[in-house]
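The values are calculated or read from the model by the stated rules, or taken from the named source; none is laboratory data. Only a predicted model underlies this, so the values are computations on that prediction, with no experimental measurement involved. Using ideal geometry, Cβ is built from the backbone for each residue, glycine included, and neighbour counts are taken over all protein chains shown.
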Amino acid sequence: MSTEVIHPDTHHVDDGHDHGDHKPSNFLDRWLFTTNHKDIGTLYLIFSLTMFFIGGSMAMVIRAELFMPGLQLVEPDFFNQMTTMHALIMVFGAVMPAWVGFANWLIPMMIGAPDMALPRMNNWSFWILPFAFTMLLSTLFMDSGGPAAGWTLYPPLVLQTGTSFAFVVFAVHMMGVSSIMGSINIIATIFNMRAPGMRLLRMPMFVWTWLITAFLLIAVMPVLAGAVTMLLTDHFFSTNFFNAAGGGDPVMFQHIFWFFGHPEVYIMILPAFGVISEILPTFSRKPLFGYGSMVYATATIAFLSFIVWAHHMFTVGMPLQGELYFMYATMLISVPTGVKVFNWVSTMWQGSMTFETPMLFAIGFVVLFTIGGLSGLMLAITAADFQYHDTYFVVAHFHYVLVPGSVFALMAATYYWLPKFTGNMYSEKWGKIHFWSSAIFVNVLFFPQHYLGLAGMPRRIPDYSPQFADFNMISSLGGFAFGATQLIFVGVVLHCAYRSKVKATPEVWEGSRGLEWTLDSPPAYHSFNTPPVVTHNALSRAD
Amino acid sequence: MNLQEKNRKVTRRLVLVAVGMFGFGFALWPLYTVLCEVTGLGGRAIQVSEDNTGAVASDRIVSIRFDASVNSSLPWEFKAKEKVSEFNLGVPSTAYYVAKNVGNDAIIGQATYNVTPPEASLYFVKTECFCFTEQLLQADESQEMPVYFYIKPDLPEHIKDITLSYTFYRHGYDPSDRSHL
Amino acid sequence: MKKENTVIVALAVLAALVATTWLILVAPGLGSNEVNMTRGVTQQSADHFELHMIVLWICAIIGIGVFTVMFTSIVLHRKSRNHTPAKFSHSTKAEIIWTVIPVLILVGMAVPATTALVKMEDSSGAEMTVKITGFQWRWKYEYLDEDISFISSLDPNSNAARQLNSGMVPANVDNYLLNVDHPLVLPVGKKIKFLITADDVIHSWWVPALGWKRDAIPGFVNEAWTNIEKPGTYRGQCAELCGKDHGFMPIVVIALPQDEYDTWVSEQLAEQGAAL
Ligand SMILES: [Cu+2]
Ligand SMILES: [Cu+2]
């Protein structure tokens, strides 16, 4: 594996810029063969935005079919392909690569490094993704259709997928390889490339949360790869890992899957925690409250995520002791999560707040993520979960933590660092329009789904009894509006990158803290050619 | 150590962790089996014993239901002779099932089993069972299939009735093959 | 900023949040009962409903508390009001308090949660047993003590209306998608054990009014139990994705008083006997 180190002055052809800017001028060199952390970060972000819209259009198909009772648009099997693909695309194609994109852009700048530790591997880990997702999406056009057994890929149902199943498995393998390479790179960068004085407990929270996320990824992506490999051999090579008739056990797949799957949900949310912990101090003009406990809470959450997996499968019929253990362990997660929320509120308390778009998205995150967290606590109660499980209540819960959770944090991060990335200010007016319409419609979209689930509507059904009609229609209308609203986001980003006349200062925000704000906006092609000397923790220093 | 070496070292270690975790994914299979044997999870923790030396008779009585299922891939009829019976704990006993091939060809069947409540499987000892081997039935042939077993006397007090279930599958049943439907 | 002001703003924010909570948690349920879990017709469903309401209100109160502090801060501690930022960055005392108090709340929640679960998992002493087998996409019911068995599928009217562009209006179909050809008939006031399994893929048997769902897993038999307190018709659906017609394999339970149930049993036996 290549472990090439950047030599900033000999690495690329000089294109004549006068401030140490060594971008290759050739398009292919610049983008296809790039080893630059900022360019790769940009590629990741563009890719994930594309996937966000592809996955989003599948959600639109789902909400359109559910607009009213009866089947109007698609056959049930295609509906199932849509729910399955929507989840796979959003989880592996939109949210995870978006966080890797921000990690690429920000981690070197935040720890005072010129670039990532393993630039060649960085290039590979990105360019695997377009192939993986082309392969995954191509299954929709195959005779046997795309995967339709849900993103959880439970056997035996998933084994009824046709030959396209092999493509799904290989696509998952490639995503896994990409994530693992990305994580190795991030860990190596954080361990080896920190500027003098950047001790671990002086690192920005985004770096901390990504460090922990990267370890989670390396620990669980291979487990998923193992699980889908076993599915592959069960499907095509007559092994019996999950076949009861041959001495296997279909429930075992669920245990293995959720051993991956529960940490996976934290992989999507921990970097969001980091972003919120960066943004709130800036716009409150006040240090982050409880930096140390934030770090320990993140590590605790990551640890607990490995020992609670079976709360996703309370209804499979476990011994009582097992159910009690997984209930108690899951409830425990709300303690470190609560610490984070309380610390964020304390960060705002007695601050001097302004409400630019990143701050609005961050506040939206804290409120709506908390709602999703609280419904998660309800789901942990095993006996009540016998009613909640596999209903729209669960759909509402995980969309609250993923959409106004992870995705809002991604939006917040974009507005917060976009002036740094592009050197231009975005349109505050359109940013605010984007925020308010997103915040309103996301609730119109997902809040009624709590009612639907409690009233008895199962998830993953293309049609429903008329008693569920009203809230489904409201939810669909919210969904269409939320989807359309995201076009504003694209407009704001493009305007900021290419049209905006307002130049950003290096510090961009009045209260910004951290090394990235000491660089020009936009920063030079290689971030810190001379490492800065770090003397304190910027996030928690009181001045 | 220069930066390049340090990066190589971290990479090497993390690749090893990733490879190890891939192996761990597969190791979860035997680990899960052990977990089931220890906790009764899945209700398959039945012990197989060569003889009845562990059987110590007790006054306590438990009711056992003998349940039978046939997968739709197999044209057999299959039921217990006696659906529910009461047994003294620790007393070696026999229960009989009857299987009949109502199809037109000789077929090999293979039975799976589990016990509910799952904890009870920890106290179930079989000395011989038709589920240990494949069963061949000619067309129209019917066969009596005995299970020799006893329940360990230390069965927890709160367990008063137990269900022993068998499901017969066509030998080589493949859940991804829908052609028999 | 004077102290009184903080208290007044906090009270106003609290009032607004309580009103919002009332609007989203209570008001939608006033007109109908289709926004919340059902209390159901068994002890289990009542237990699970109570548990749900306890946890829901605890969560609502925690949420109101956190958001009251947060929005009070948002109102008062803003630059536009010339609020000077404080300099504190941690408080060990506060952090210990908001670690310990949630733990105590969780312990409080765990007590009723454990009791309900222990009751749910005690299936001993059942007076009759019904075996449920999930198929793609219908249910088979076997009354193990009576030699009655039948298949239960989506009723023909719903099935016709649910075809893509059938042109039929679902609202005009009697119990659209929640009706079957052969309902499961059960007696009230009896502890009934269910043995639940599946033939092909995993399904999940769920009637909300009974208070639980349990997965039907091929090659394994799960057990669950009920004791229905009130005669009536109770509807549910398969709750685990099981293929293309997962949305079209409903469950209907008709609970009858013992004497009517006995009549039904003898009718069934006569019918099945006649059919042989
Ligand atoms: Cu989980
Ligand atoms: Cu189903």
**Asked** Quick check, is B:Asn71 in contact with a Lys or Arg (Cβ under 9 Å, 6 or more places away or on another chain) and on the phi < 0 side of the Ramachandran plot?
**Response** yes
**Asked** Which of the residues spanning the range A:385-414 are under 25 Å from A:His526 (Cβ atoms) and without any contact (Cβ under 8 Å) to a residue 60 or more places away in the chain?
**Response** none
**Message:** So for the range B:47-63 (the condition being modelled with pLDDT of 85 or more, surrounded by fewer than 17 Cβ atoms within 10 Å (Cβ to Cβ) and in contact with a Leu (Cβ under 7 Å, 6 or more places away or on another chain)), does at least one residue qualify?
**Reply:** yes
**Asked** Taking the range A:299-331 only, how many residues are more than 16 Å from ligand 2 (Cβ to nearest atom) and either β-branched (Val, Ile, Thr) or facing chain C (nearest Cβ under 7 Å) (or both)?
**Response** 12
**Prompt:** Quick one: would you say B:Arg8 is basic (Lys, Arg), in contact with a Cys (Cβ under 7 Å, 6 or more places away or on another chain) and either surrounded by 14 or more Cβ atoms within 10 Å (Cβ to Cβ) or without any contact (Cβ under 8 Å) to a residue 40 or more places away in the chain (or both)?
**Reply:** no
**Request:** Answer with yes or no whether C:Val265 is aliphatic (A, V, I, L, M), more than 16 Å from ligand 1 (Cβ to nearest atom) and within 14 Å of chain A (Cβ to nearest Cβ).
**Result:** no
**Asked** Under 8 Å by Cβ, and 6 or more places apart or on different chains, what pairs join a residue from the range A:307-320 that is at positive phi and of a type outside the set (Val, Ile, Thr) with one that is assigned to a helix (DSSP H, G or I) and away from ligand 2 (no atom under 16 Å from the Cβ)?
**Response** A:Gly317/B:Pro118
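Rundown of residues vs (1) farther than 30 Å from A:Ile363 by Cβ; (2) of a type in the set (Ser, Thr, Tyr); (3) more than 16 Å from ligand 2 (Cβ to nearest atom), yes/no style:
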| site | (1), (2), (3) |
| --- | --- |
| A:Pro222 | yes, no, yes |
| A:Phe257 | yes, no, yes |
| A:Leu288 | no, no, yes |
| A:Ser293 | no, yes, yes |
**Prompt:** Within the set of pairs 6+ apart or on separate chains, which have a first residue in the range A:441-457 that is away from every other protein chain (no Cβ under 12 Å) and in a loop (DSSP other than H, G, I, E, B), a second that is surrounded by fewer than 24 Cβ atoms within 10 Å (Cβ to Cβ) and aliphatic (A, V, I, L, M), and C-beta atoms under 9 Å apart?
**Reply:** none
**Message:** Exactly one of these conditions fails for A:Phe283: (1) surrounded by fewer than 23 Cβ atoms within 10 Å (Cβ to Cβ); (2) hydrophobic (A, V, I, L, M, F, W, C); (3) more than 7 Å from chain C (Cβ to nearest Cβ). Give me its number.
**Reply:** (1)
**Request:** Take the range A:77-104 and flag every residue that is within 9 Å of chain C (Cβ to nearest Cβ), crowded, with 23+ Cβ neighbours inside 10 Å and either of a type in the set (Phe, Trp, Tyr) or over 19 Å from A:Phe398 (Cβ atoms) (or both).
**Result:** A:Phe79
**Asked** Is at least one residue of the range A:495-502 assigned to a helix (DSSP H, G or I) and either of a type in the set (Asp, Glu) or crowded, with 20+ Cβ neighbours inside 10 Å (or both)?
**Response** yes
**Asked** Looking at A:Glu510, A:Glu516, which is the one that is farther than 30 Å from A:Pro69 by Cβ, surrounded by 24 or more Cβ atoms within 10 Å (Cβ to Cβ) and not hydrophobic (A, V, I, L, M, F, W, C)?
**Response** A:Glu516
**Message:** It is to be established whether one or more residues within the range C:204-214 are part of a loop (DSSP other than H, G, I, E, B) and on the phi < 0 side of the Ramachandran plot.
**Reply:** no
**Message:** Here is a check on your reading of the model: is A:Ser277 small (Gly, Ala, Ser), more than 16 Å from ligand 1 (Cβ to nearest atom) and part of a helix (DSSP H, G or I)?
**Reply:** yes
**Fill in**
Checked A:Ala117, A:Ala98 against criteria (under 22 Å from the mean Cα position of the chain (by Cα), of a type in the set (A, V, I, L, M) and on the phi < 0 side of the Ramachandran plot); the one match is A:Ala98
**Asked** Which one of the conditions (1) surrounded by fewer than 24 Cβ atoms within 10 Å (Cβ to Cβ); (2) within 14 Å of chain C (Cβ to nearest Cβ) does A:Ser437 fail to meet, given that it meets all the rest?
**Response** (2)
**Item:** From A:Val228, A:Val168, residue being within 14 Å of another protein chain (Cβ to nearest Cβ), in contact with a Gly (Cβ under 8 Å, 6 or more places away or on another chain), part of a helix (DSSP H, G or I) and not aromatic (Phe, Trp, Tyr)
**Value:** A:Val168
**Message:** Let me spell it out: the conditions are (1) more than 13 Å from ligand 2 (Cβ to nearest atom); (2) of a type outside the set (Gly, Ala, Ser); (3) modelled with pLDDT under 95; (4) surrounded by fewer than 21 Cβ atoms within 10 Å (Cβ to Cβ), and C:Glu223 meets all of them except one. Which number is the exception?
**Reply:** (4)
**Request:** Have a look at A:Pro263, A:Pro222 and point out the one that is within 27 Å of the chain's Cα centre (by Cα), farther than 30 Å from A:Trp417 by Cα and assigned to a helix (DSSP H, G or I).
**Result:** A:Pro222
**Item:** Count - residues of the range C:215-254 that are part of a loop (DSSP other than H, G, I, E, B) and touching a Lys or Arg at 6+ places or on another chain (Cβ under 7 Å)
**Value:** 5
**Message:** Which of the strands (runs of 3 or more DSSP E) found entirely inside the range B:93-181 contain at least 1 residues meeting this: under 20 Å from B:Gly42 (Cβ atoms)?
**Reply:** B:107-116, B:124-129, B:142-151, B:161-170
